[in-house]
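The values are calculated or read from the model by the stated rules, or taken from the named source; none is laboratory data. The structure displayed is predicted, hence computed values, not measured ones. Don't worry about glycine lacking a Cβ; one is built from the backbone with ideal geometry, like all the others, and counts go over all protein chains shown.
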Amino acid sequence: MTPVSTYPLRLPKSVKAAAEQVARDEGISLNQFVATAVAEKLSALNTVRFFAERRERADLQAFRALLTRTGGAEPQSGDEIPA
């Protein structure tokens, strides 16, 4: 099991009530709901950071050259993506 630490969390009453309702509807504890919500937010922030780092390494000139290149073969019968 992952080591766990506690953190006293203060929420506005309306936010806590809404979170409790969602947790109840989902059949989970408020603690599990909050932990999952924090994990989802961290994942979203890490995704933004990942793509920002990738953007910094991008070679836009090479990308444009690739998009505007000439040549290549027309699609052949059988090149379709299976449904």
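Summary table below
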| quantity | calculated |
| --- | --- |
| Residue list for the stretch 49-83, filter: under 30 Å from Y7 (Cα atoms) and loosely packed, with under 10 Cβ neighbours inside 10 Å | none |
| Tally, over the stretch 30-83, of residues that are more than 30 Å from P8 (Cβ to Cβ) and within 22 Å of the chain's Cα centre (by Cα) | 9 |
| Spans of helices (runs of 4 or more DSSP H) in the chain with at least 2 residues modelled with pLDDT of 95 or more and among the charged types (D, E, K, R) | 13-26, 30-57 |
